[in-house]
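The values are calculated or read from the model by the stated rules, or taken from the named source; none is laboratory data. Small disclaimer: the values here were computed from a predicted structure and weren't measured. Cβ sites come from the backbone with ideal geometry, for glycine too, and all protein chains shown count toward neighbours. Just so you know, the surface numbers come from the protein's heavy atoms only, side chains and all, with ligands and any DNA or RNA stripped out. Shrake-Rupley method; radii C 1.70, N 1.55, O 1.52, S 1.80 Å.
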Amino acid sequence: MKTQKSQKNTAADILIYAVLAIASLITVMPLVRMLIGSFRTGSGSFGFDNYVGIWNNVNVLSYSLNSIIYSSAGVGAMVLCGSLAAFSLEKYPIKSKKRLQLLLLMGQMTPAVALLVPFFYYLKMLHLVNTRIGIILVYIALGLPFTVFLLKGFFRDFPDDLLDSARIAGCSEPAIFFRIVLPVSKTGLSVVIIFQSVWLWNEFIVALVLLFKEQLKSLNIGIYSTMGQYSTDYPMLFAGLILASLPVIILFGFFQKQFIGGLTGSLKG
């Protein structure tokens with residue numbers, strides 16, 4: 001019996017690893033193709049000409065600075081507002097809590113493309129079209145629902161006794177949140193920071209629709225501008241995409257353990 005059971009477990013493990021290997025191959029192959037294509041020159045040889053060309057033809061530094069501004073400001077606001085909302089929903093008796101959570105769920109389930117027209121209308125009404133503040137506000141609105149739901153999983157297991165002890169000691173509610181709750185919740189906050197930073201850095205559709213000024217374009221939009229109407233230099237485009245992906249790859253490489261560990265804790269919560 002034990003032998004048959006162990007054989008079944010071995011067969012199941014082999015099947016799981018085979019599926020994972022196929023899925024990994026499907027994911028990695030386009031990236032490998034893009035990496036190889038970025039080094040291919042017009043003569044069929046390999047070199048760094050495409051990287052030199054994208055650096056000379058695209059204002060990489062200016063576009064990268066815009067992406068850094070949008071990502072850092074958006075993520076900072078998401079972390080602050082999202083953590084306050086998540087902690088309040090978990091630890092305070094709020095009226096209509098279920099309705100608020102339903103609204104957040106609707107915001108999470110609604111695709112960003114469906115909200116572009118309303119966003120453009122309200123930004124135009126507020127004279128914020130083609131402004132950094134406008135695009136950052138849109139990013140905050142799109143990212144808050146996911147941020148709140150993710151942090152709720154961490155705050156759900158936060159000990160109420162610790163909060164009560166702090167109140168008895170005379171701590172105010174803001175002091176409890178900023179001095180006790182946030183420092184203990186570094187794992188959850190790191191997951192939010194990494195996840196939303198990657199999303200904002202790679203975001204394309206919203207920036208393409210809402211930003212027209214050349215000096216305000218993000219890095220992805222700047223690289224996209226190298227595509228012509230009738231022809232495109234794909235090796236140079238691949239080189240630009242590789243350059244745009246490097247910060248995200250480096251960020252995830254440094255914080256991979258924190259991201260996976262924190263996300264696992266959130267799912268358990």
request  = For the range 9-32, name all the residues that are surrounded by 10 or more Cβ atoms within 10 Å (Cβ to Cβ), β-branched (V, I, T) and under 30 Å from L241 (Cα atoms).
outcome  = V19, I22, V28, V32
Search result, residues across the range 163-178 that are over 17 Å from S88 (Cβ atoms), assigned to a helix (DSSP H, G or I) and not hydroxyl-bearing (S, T, Y) = I168
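Hey, among the residues in the range 106-129 that are of a type outside the set (F, W, Y) and surrounded by 15 or more Cβ atoms within 10 Å (Cβ to Cβ), which one's nearest to S218 (Cα to Cα)?
Selected residue: V129.
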message = Could you go through the range 101-113 and let me know if any residue there is under 30 Å from F177 (Cβ atoms) and either modelled with pLDDT of 90 or more or not in a helix (DSSP H, G or I) (or both).
response = yes
task = Only residues in the range 42-58 that are within 11 Å of M236 (Cβ to Cβ) count as the first member; pair them with residues that are exposed (fewer than 12 other Cβ atoms within 10 Å of the Cβ) and at pLDDT below 85, Cβ under 9 angstrom, at least 6 apart or cross-chain, and list the lot.
result = D49/G42
query = So which helices (runs of 4 or more DSSP H) are wholly in the range 185-251 and hold at least 3 residues that are among the aliphatic types (A, V, I, L, M), within 25 Å of Y122 (Cβ to Cβ) and open to solvent by 40 Å² or more (accessible area, probe 1.4 Å)?
reply = 205-210
